[in-house]
Amino acid sequence: MNYKTLFESLVEKYNIKVSPSGKDVYSPIDGSKLGTFDEHWNQDLDDSVQSLQKTFNQWKNYPAPKRGEMIRLFGNAVREAKEDLSKMITLENGKVYQESLGEIQEVIDICDFAVGQSRQLYGLTMPSERQDHRMQEMWNPYGIVGVVSAFNFPAAVWSWNFAIATIGGNVVLWKPSPKTPFISLMLKSIWDKTCEDADLSWAKNVLEMHMGMNAQAENICLDSRIRVVSLTGSTEMGKSLAPVVQKRFGRLIMELGGNNAMIVTPEANMKLAVKSIVFSAVGTSGQRCTSLRRLIVHNSIKKGLLEKVVTAYATIKPGDPFSEDTLMGPMINKQAIDKMQEVLTYCRTNGHIVHGGEVVGDTYVNPAVVELTKPDPIVQQETFAPILYVIGYESLDEAIEIQNNVPQGLSSCIFTDNLQEAERFIGANGSDCGIVNINIGPSGAEIGGAFGGEKDTGGGRESGSDAWKQYMKRSTVTVNYGSDLPLAQGVKFDI
Ligand code: NAD
């Protein structure tokens, strides 16, 4: 396949301006240059913010179910463009095409969810202690939501923010990853066309782009007119940007790094476990925030399970992500390969046993399994690559302690058919993560639940359940419909 020709046909079809100069974007598939995009600077930011403020005044007064209707139309347009959008993801980030289709399906799913949610921005009512008074909660939009996104889910994570924030009446400023700018420009183009086709041209400005590198993300964080900032990316990024937003008391939603584990007990269905281990650790070339990084397995079954996993790994041949037979595509770039090799060298030097992990091309690598021979601090860090550490345990308490003993707290799972073990894992003495699965790997999630994690993962929740509340300002309203003015707690103040 000629990737350059495919890229050019997509940008032409979706009317995307490819700048003659600016920041270059390369495909991880073959290292070829796809195109160039222009960075946005301070004046652009100011223009976008002013335009968003103006649009917010209209959008927040446009009824919520009608906002939902626009998201329904957008979701339908994404359905129609599903294959094109998926091709762009694979071109830009190297994800296998099947997974790119899954990512765009997630965009469609969250749009469907948001349509229903637009009629369910419910507030509680509660009894007042005062005579002839009523209390209730109102949920109103904040205004501009800044979204900074990562390369590895360049469409889905933005869509969780966009669909849910906008049905609530907010407007969105999007700073995508510089590694995957063109999928975001395609989605913006589809939103614009959706608005034009619906005869609601002004709503195009509900979404504005702020293209660039790290400096552009920082400028969004500095701007106090942007009330909510949603940050998706590494924990280092969150540590650097969170104080900038907190200093001006902006509202933060953070989706940062993970270091996800699976506990396999002697009572697990091994067939399920092996399948799940391989998908969770190798899928997306180990470049999911929820990728399986640590396999915590009971000592009595460790040898047998390890053999099965290593045998399954040997069948995986990294290759062209557009080919139907490929289960693992390239890594995002050469730096990611170098980082992985650095960690594997460290592991060998420290006496651990490394299976696989060989470099097989500029951006291609075999997935690696590392059998730890002793406890090692290397497992504390998220290496964004297909490296799976295998750690033995004796008691379930010990396994849970190992699982929780990392800075991150995104996703976790246990494989067991024992009810007591499973219940213990999901309870107060169990996993400390935001995602806690039983007999399912840690990787991937459905949009219906709230997505996010604890500790160094940032504590944010996005997507389904009641995550919509993160984008809304809650006001507690007390109404006096009587002819007296009683004070709360029976306080007397007669004049
Ligand atoms: P990254 O942190 O390098 O970049 C993410 C975004 O933040 C980009 O838009 C980038 O320009 C910006 N950025 C990065 N460092 C910055 C800084 N110091 N100052 C200002 N802006 C900065 O992440 P990535 O390599 O694109 O994605 C991989 C990381 O994202 C992994 O750690 C992964 O776990 C995490 N991630 C988390 C989730 C989640 O939901 N928890 C989802 C996807 C990815």
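The values are calculated or read from the model by the stated rules, or taken from the named source; none is laboratory data. In this text, all values refer to a predicted model and were calculated from it rather than measured experimentally. Because the Cβ atoms are built from the backbone with ideal geometry, glycine has one as well, and the counts that use them run over all protein chains shown. Heavy atoms of the whole protein, side chains included, go into the accessibility calculation; ligands, DNA and RNA do not. Shrake-Rupley method; radii C 1.70, N 1.55, O 1.52, S 1.80 Å.
Looking across the range 53-95 at every residue that is of a type in the set (Lys, Arg) and not in a helix (DSSP H, G or I), the one that is surrounded by the most Cβ atoms within 10 Å (Cβ to Cβ) is identified as LYS95.
Being open to solvent by 10 Å² or more (accessible area, probe 1.4 Å), over 30 Å from ALA156 (Cβ atoms), more than 16 Å from the ligand (Cβ to nearest atom) and touching a residue at least 60 places away in the same chain (Cβ under 8 Å) is a description that applies to HIS298. For the range 366-382, taking the residues that are of a type outside the set (D, E, K, R), in a loop (DSSP other than H, G, I, E, B) and farther than 11 Å from ILE296 by Cβ, the one that is least open to solvent (accessible area, probe 1.4 Å) is identified as PRO367. Does PRO154 meet the test of being in contact with a strand residue (DSSP E or B) (Cβ under 8 Å, 6 or more places away or on another chain) and part of a loop (DSSP other than H, G, I, E, B)? In short, no. If you filter the range 265-294 down to residues that are of a type in the set (Lys, Arg) and within 16 Å of the ligand (Cβ to nearest atom), you find that the one that is surrounded by the most Cβ atoms within 10 Å (Cβ to Cβ) is ARG293. Residues that are under 19 Å from GLN216 (Cα atoms) and either surrounded by fewer than 24 Cβ atoms within 10 Å (Cβ to Cβ) or within 10 Å of the ligand (Cβ to nearest atom) (or both) within the range 142-151 comprise VAL147, VAL148, SER149, ALA150, PHE151, listed in sequence order.
Would you mind stating whether ALA467 is closer than 25 Å to ALA422 by Cα, of a type in the set (A, V, I, L, M) and either within 16 Å of the ligand (Cβ to nearest atom) or open to solvent by 80 Å² or more (accessible area, probe 1.4 Å) (or both)? No. Remark: pairs (first residue in the range 418-429, free of Cβ contacts under 8 Å to residues at least 60 places away in the same chain; second residue open to solvent by less than 40 Å² (accessible area, probe 1.4 Å); Cβ separation under 6 Å; 6+ apart in sequence or on different chains) = ALA422/THR416; ARG424/GLY430. Selection of the range 383-406 for residues being under 30 Å from ASP320 (Cβ atoms) and either touching a Pro at 6+ places or on another chain (Cβ under 9 Å) or open to solvent by 60 Å² or more (accessible area, probe 1.4 Å) (or both) yields ALA385, PRO386, ILE387, LEU388. In the set (1) surrounded by fewer than 24 Cβ atoms within 10 Å (Cβ to Cβ); (2) under 24 Å from TRP160 (Cβ atoms); (3) not small (Gly, Ala, Ser), LEU231 fails one condition alone, (1).
Of the set (1) charged (D, E, K, R); (2) in a loop (DSSP other than H, G, I, E, B); (3) open to solvent by less than 50 Å² (accessible area, probe 1.4 Å), all apply to ASP30 but (3). The set of residues from the range 96-110 being closer than 13 Å to PRO154 by Cα and either open to solvent by less than 10 Å² (accessible area, probe 1.4 Å) or among the hydroxyl-bearing types (Ser, Thr, Tyr) (or both) comprises SER100, GLU103, ILE104, VAL107.
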